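Structure, as structure tokens:
FYI, it's all coordinate maths here, none of it is from the lab. Small disclaimer: the values here were computed from a predicted structure and weren't measured. A quick note on method: Cβ atoms are made from the backbone with ideal geometry, for glycine too, and the neighbour counts reach across all protein chains shown.
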Amino acid sequence: MLKDKIVVIGGYGHVGQMICNDLAHFYPGKVFAAGRSQERAEAFSRATQGRVEPLRIDADAGVDPALLSEVKLVIMCLDQQNSAFVQACIGQGIHYIDLSADYRLLSQVELMHPLAVTHGATVILSVGLAPGMSNLLSLHAKQHLDVTEAIYISLMLGLGDSHGKAAIEWTVDNLRSNFTTMEQGKVIQHTSFADGRKTDFGNGQGSRTAYRFNFADQHILPRTLQVPSISTRLCFDSPFITGLLSRFKRLGGLKLLNIPWIRDAAVKAFASMRIGKPTFALKVDAVGKKQDQPALVECFLQGVHEAEVTAKATAIVARKLYTSHMPHGVFHIEQLFTIDSFDEELKEMAHMSSRLRIGTSPGSDQMTETSS
């Protein structure tokens, strides 16, 4: 039986629609927007003049294997409660891409590497902005140092941008949480939206204080890049809103998000908020040594409409996986791709740059700069 279909779970959602439209341009009639709502899937299909087909799938409820018998690739745009659906796809030899930023799920999928090898499936995790582009910029930075001691990842999101409901819910839920990471081989406890660090986002964006946040990249990269200390922080383009949330966190006010109606109200408030610009900025600072001297590599990615960049990056990975032979197993994006794989198609919506500074210490006026 010919396996040539692409199923995008959450394909009629904010990011999913953009992924479907991109892939349908190359593979019309083979792309399916899937989810629990047949009505929403059909409405989106009509809007694409049938280039994208509708499909009802409830990944959390279990899926009849026959429904996926002609599927070559599944793209998951939603956070899942467990890894059963991923395992089912792998068991049928279906390639799989996951956009989740939640390491609890990704860590379960990582354990399926032997299963994926056995069944001839390629699973690519950490696809999107963070994790995703943050992983690739971290790899790029590490490659420019002889020794990498620490990597600091900072993400700024514009409150004037349009974000999908699932992404907003994940962000709100993680504002109130604590989490652990491995740093220098030790388990370290962190409070979300605390431990601020000032970061220059470059290209006219200026400096912002960003705060620790439970993005998956900081759990993944210490192992895949062999860097002992990696941290990820988040801020918004409005310093007032960022500062307000930080103060609320210190005072215990964000514990109110444990109350369901307050949590739902916060999600709606973020969804309707349009007080900033539709911009985003990603900054990676890698500290280490170059030519036996202290060195700092700074990598910048700035653009508008974060969701569009996430969708485009996902589509690039999907097209590569759909049309070429890639190693079987479970991988994170930085294990199969470099940032150069995305530069050409992303340059119309985002600007990437980097610079290496060599000198007595990071930030020193005596440091020598080289840019790319």
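A Stokes-Einstein calculation at 10 °C with viscosity 1.306 mPa s, built on the Kirkwood radius of the stretch 5-125 over Cα pairs, returns a diffusion coefficient of 111 µm²/s.
Across the stretch 5-125, the mean sequence separation of Cα contacts (distance under 8 Å, 6 or more residues apart), normalised by length, yields a relative contact order of 22 percent. Mean-square fluctuations from a GNM of the chain, with a 10 angstrom spring cutoff on Cα atoms, peak among Val317, Val127, Val284 at Val317. If you take all other residues with their beta carbon under 14 Å from the beta carbon of Asn82, and give Lys and Arg +1 and Asp and Glu -1, the sum is -4. All C-alpha to C-alpha distances of the chain, sorted into 10 Å bins beginning at zero, yield P(r) values of 5, 24, 33, 25, 11, 2, 0 percent in whole numbers.
Take every pair of alpha-carbon atoms less than 8 Å apart whose residues are at least six positions apart; their mean separation over the length of the chain yields a relative contact order of 19 percent. The 3J(HN,Hα) values that the Karplus relation (6.51, -1.76, 1.60; θ = phi - 60°) gives for the stretch 177-187 are, in residue order, 9, 10, 7, 10, 9, 9, 9, 6, x, 10, 7 Hz. Gly and Pro appear as x. Taking the square roots of 5 times each eigenvalue of the Cα gyration tensor of the stretch 197-324, largest first, gives ellipsoid semi-axes of 29, 22, 17 Å. In the structure displayed, which of Lys198/Lys249; Lys5/Lys320; Lys290/Lys320; Lys3/Lys320; Lys198/Lys289; Lys186/Lys255 lie more than 24 Å apart, Cα to Cα? Checking Cα-Cα distances, Lys290/Lys320; Lys186/Lys255 exceed 24 Å. Diffusion coefficient (Stokes-Einstein, Kirkwood radius over C-alpha pairs, 37 °C, 0.692 mPa s) for the stretch 33-73: 302 µm²/s, rounded to a whole number. Averaged over residues, the count of other Cβ atoms within 10 Å places the peptides 340-346, 67-73 in the sequence 67-73, 340-346, highest first.
As a proxy for reagent exposure, ranking Leu336, Leu251, Leu244, Leu257 by other Cβ atoms within 10 Å from fewest up yields Leu251, Leu244, Leu336, Leu257. The Stokes-Einstein estimate for the stretch 283-330, based on a Kirkwood radius over Cα pairs and taken at 20 °C with 1.002 mPa s viscosity, is a diffusion coefficient of 151 µm²/s. Between Leu159 and Asp237, Ser238, Gly276, Lys277, the built amide H atoms are under 5 Å apart, and every one of these is 5 or more places off in sequence or on another chain.
Derived scalar couplings between HN and Hα for the stretch 193-198 equal 6, 9, 6, x, 9, 7 Hz in order, rounded to whole Hz, by the Karplus curve 6.51 cos²θ - 1.76 cosθ + 1.60 (θ = phi - 60°), x for Gly and Pro.
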